[in-house]
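Accompanying notes for the structure given below.
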Amino acid sequence: MPPDPHLPKPESPGWTETVVALERIDLSDERFRITTRPCDEALVASIRTCSLVNPPILRENAPGLIIVSGFRRVEACRRAGFSRIRARVLSASTDEAAAIRWSVADNAFQRSLNPVEAFRVVTLLSRIHSDPEALADAATRMGFPLHRALVEKLGILGRLPQPVLEAVACGLVAFSTALELVKLDPDTAVELTAIFRNLRLGLNLQREILLLLTEIARREDAVVLDILNAPYLERILKDKRLDRVQKSREIRRYLRRRRFPHLVKREDAFYECIKRLRIEPGVVLSPPRDFEGSDFSLTLRFHSLTGLSEKMPIIQRIVNDSDFKMFMES
């Protein structure tokens, strides 16, 4: 791949590596910030032990300096008690486009970026490239591979409220879930995000709950926020006797019952039948998925012919049970 003509040439990086006083750096100017991660004690301890392995990139901005890349490193040095640090300083004449490219390239080199950091990359590069294809190509040349479709999806994140973005940044709301939350009003997106965060729901459960909520709202001609504020859900979420797994299970069950009342009623009747049959461990009787179709399954676990023969009575009880026959014939 040929070099990007807009990037400074390697033999002339456009900065001067020098020692600067921390007090000269304006920490409030975050125009080039990409990272969402706060400075932590591990980084502070590392810098205390090994000093700065990779100096931050700064830009002259009279009367002081602003950070182009290395916000966490600068903060860690401040917390470690340093008064002066080594940095790569771009001159005041360095245009914004060049500073943006250095910010993107340095961040892409350091680590994998989360979706919100990737969104910030897209936001910064959109100041230079209005065309998504050109933006994706420029990011790829700087070590952060993008394609047009991903650029457009990342751009959507800008429509999300800050609490949702924070949850996406720390991995508690999946990127694909965030793209669906954009379709909800901000208050609903924030409230649903709080549930996802507090219960630590995985991607599949996030998807299922979102789908159930939107289908219930459509079916009942209601709004999603009203469904979330249902008294039963509020009681479940506030119940201190339940752990997050139990709460997740109860929420899912409530939403499925509300979305598929006849299906859930049938499920309840089936599992009551199973309970009454006193099916022992090592025997699993399963209905068709969502009770669509007529294929039930019976799984037996045994270690010997004697073990198999001991399970014959329960099989016979299942065959002769009038309630189970009703399930088979309906």
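Show me the helices (runs of 4 or more DSSP H) entirely contained within segment 236-330 in which 2 or more residues are more than 26 Å from residue 192 (Cα to Cα) and of a type outside the set (A, V, I, L, M).
The qualifying helices (runs of 4 or more DSSP H) are 261-276, 305-310, 312-320, 322-329.
Could you please let me know if residue 214 is outside the structural domain of residue 313 (by TED's automatic domain parsing), closer than 23 Å to residue 159 by Cβ, among the polar types (S, T, N, Q) and in contact with a Leu (Cβ under 8 Å, 6 or more places away or on another chain)?
no
For segment 105-132, which residues satisfy the criterion of being outside any loop (DSSP other than H, G, I, E, B) and either outside the structural domain of residue 32 (by TED's automatic domain parsing) or of a type in the set (Gly, Ala, Ser) (or both)?
Residues satisfying the conditions are 105, 108, 118.
So, residue 284, is that one closer than 27 Å to residue 252 by Cα, in contact with a Ser or Thr (Cβ under 7 Å, 6 or more places away or on another chain) and either surrounded by 11 or more Cβ atoms within 10 Å (Cβ to Cβ) or not hydroxyl-bearing (Ser, Thr, Tyr) (or both) or not?
Judged against the criteria, residue 284 is a match.
Of the residues 62, 45, which single one is assigned by TED's automatic domain parsing to the domain that holds residue 135, at pLDDT 90 or above, surrounded by fewer than 14 Cβ atoms within 10 Å (Cβ to Cβ) and over 24 Å from the mean Cα position of the chain (by Cα)?
45
Of the conditions (1) part of a strand (DSSP E or B); (2) under 34 Å from the mean Cα position of the chain (by Cα); (3) not acidic (Asp, Glu), residue 19 fails just one. Which one is it?
(2)
What number goes with the only condition from (1) part of a loop (DSSP other than H, G, I, E, B); (2) modelled with pLDDT of 95 or more; (3) not polar (S, T, N, Q) that residue 222 does not pass?
(2)
I'd like the full set of residues that are surrounded by 10 or more Cβ atoms within 10 Å (Cβ to Cβ) and either of a type in the set (A, V, I, L, M, F, W, C) or under 45 Å from the mean Cα position of the chain (by Cα) (or both), limited to segment 287-311.
287, 288, 290, 291, 294, 296, 298, 300, 301, 302, 308
Would you confirm whether any residue within segment 24-37 is over 21 Å from residue 114 (Cβ atoms) and of a type in the set (A, V, I, L, M, F, W, C)?
Checked segment 24-37: at least one residue is over 21 Å from residue 114 (Cβ atoms) and of a type in the set (A, V, I, L, M, F, W, C).
I'd like to check something: does segment 66-74 contain any residue that is free of Cβ contacts under 8 Å to residues at least 24 places away in the same chain, surrounded by fewer than 23 Cβ atoms within 10 Å (Cβ to Cβ) and either outside the structural domain of residue 196 (by TED's automatic domain parsing) or not acidic (Asp, Glu) (or both)?
No, because not a single residue in segment 66-74 is free of Cβ contacts under 8 Å to residues at least 24 places away in the same chain, surrounded by fewer than 23 Cβ atoms within 10 Å (Cβ to Cβ) and either outside the structural domain of residue 196 (by TED's automatic domain parsing) or not acidic (Asp, Glu) (or both).
The values are calculated or read from the model by the stated rules, or taken from the named source; none is laboratory data. Predicted model, so just to flag it, every value in this text is computed and none were measured. For neighbour counting, all protein chains shown are included, and Cβ atoms are generated from backbone atoms with ideal geometry for every residue, glycine included.
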